[in-house]
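Structure, as structure tokens:
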Amino acid sequence: MTAALRRRSGPALPRLLWAPAVMGLALVALPLVGLVVRTDLAELPARVTSPGAVAALWLSVRTAAISTLLCLLLGGPLAVVLARGRVPGRNVVRALVLLPLVLPPVVGGLALLYLLGRTGLAGQVFHAAGIRIPYTTAAVVLAQTFVAMPFLVVGLEGALRTANGRYEAVAATLGARPWTVFRRVTVPLVLPALGSGLVLCFARALGEFGATITFAGSLQGVTRTLPLEVYLLAETDVDGAVAVSLLLVVVAVAVVALARPRGCDDTPRPVHGASS
């Protein structure tokens, strides 16, 4: 009985790990507790249902969903190519892909502005064709995608590198075409990592601020997402900013909790056939 329980619960952890682990949890959780304590619960419903907050929430959810889809369509293939393909200068390419993780978001917004702005490298062509990207909803989506896509690429590439490639090799030797192998073998192997990466992308896009305000501005109903609404309220209505901040926290927690794939749960499973 005791041996079976040990196998199920895993190896014992060193006691020295518990103190810093609790401190790390406190560092993340206690500021949120302070936010809840600071919130006026009596006025909370009125503040979070104000026209500005509702419009910002709807815009944030909509643009974050579109950004997550773009991360899947662009970042997914990029991760597969980096993990499985023969890419010249792969380390340089990987460093470029991961750069938004370490760049301040404001710098990313400036980079997008000087690429797609009216006098930017590509923006001049778009402007000549009558297409304006900065300070539009499309700019919000691009800014969110810029900062969120590395989260998908990192997780998915790592999963592809650690996945057993024998199944793909067997499918190829049996005559399956590359696209069939990718669709029927590769994708199911990394599906938990893909789902987890998409959840992280959505959460990151939902909370994006710096690149958005630099590249898209803050136009109500057009580019003013929920983080920008919090920033503006903090200058004029602190209680309103706290209430909307709590709304953003609740939405982010709900997304991570409900959309997290079951395959990402690392809780040890019971060992079948273990003696009781």
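The values are calculated or read from the model by the stated rules, or taken from the named source; none is laboratory data. Keep in mind the model is a prediction, meaning the values are calculated, not measured. No Cβ is skipped: glycine too gets one built from the backbone with ideal geometry, and neighbour counts run over all protein chains shown.
Please go through the range 215-240 and pick out each residue that is among the β-branched types (Val, Ile, Thr) and either modelled with pLDDT under 90 or farther than 28 Å from Gly120 by Cα (or both). Before you say what the answer is, go through the steps one by one.
Kept after step one, since they are among the β-branched types (Val, Ile, Thr), are these residues of the range 215-240: 222-223, 225, 230, 236, 238.
Across the range 215-240, the qualifying residues are Val230, Thr236, Val238.
Looking only at the range 128-178, filter to residues that are of a type in the set (Lys, Arg) and free of Cβ contacts under 8 Å to residues at least 40 places away in the same chain; which one of those is nearest to Cys201 (Cα to Cα)? Full working, then the answer.
From the range 128-178, those of a type in the set (Lys, Arg) are 132, 161, 166, 177; that's our starting set.
Checking which are free of Cβ contacts under 8 Å to residues at least 40 places away in the same chain leaves us with 132, 166, 177.
Numbers: Arg132: 26, Arg166: 30, Arg177: 31 Å.
The residue in question is Arg132.
Only one residue in Leu200, Leu228 is buried (at least 18 other Cβ atoms within 10 Å of the Cβ) and either over 19 Å from Gly52 (Cβ atoms) or of a type in the set (S, T, N, Q) (or both), so which one is that?
From the options Leu200, Leu228, the qualifying one is Leu200.
Which one of Val54, Val28 is under 30 Å from Val153 (Cα atoms) and in a helix (DSSP H, G or I)? Write out each step before concluding.
Numbers: Val54 fails: under 30 Å from Val153 (Cα atoms).
Step by step, each of Val54, Val28 is checked, and only Val28 is under 30 Å from Val153 (Cα atoms) and in a helix (DSSP H, G or I).
Given (1) surrounded by 15 or more Cβ atoms within 10 Å (Cβ to Cβ); (2) part of a helix (DSSP H, G or I), identify the lone condition not met by Pro134.
(2)
Among the numbered criteria (1) modelled with pLDDT under 95; (2) assigned to a helix (DSSP H, G or I); (3) hydrophobic (A, V, I, L, M, F, W, C), which single criterion is violated by Leu70?
The single condition Leu70 does not satisfy is (1).
Does the range 93-125 hold any residues that are of a type in the set (Gly, Ala, Ser) and either crowded, with 17+ Cβ neighbours inside 10 Å or in a helix (DSSP H, G or I) (or both), and which are they?
Residues satisfying the conditions are Ala95, Gly108, Gly109, Ala111, Gly117, Gly120, Gly123.
Hey, which of the helices (runs of 4 or more DSSP H) in the range 165-226, taking only ones fully inside, have at least 1 residues that are farther than 23 Å from Ala64 by Cα and among the small types (Gly, Ala, Ser)?
166-173
Only one of Gly76, Gly34 is under 21 Å from Leu247 (Cα atoms), within 26 Å of the chain's Cα centre (by Cα) and at pLDDT 85 or above; which? Spell out the reasoning first.
Details: Gly76 fails: under 21 Å from Leu247 (Cα atoms).
Sole residue among the options that is under 21 Å from Leu247 (Cα atoms), within 26 Å of the chain's Cα centre (by Cα) and at pLDDT 85 or above: Gly34.
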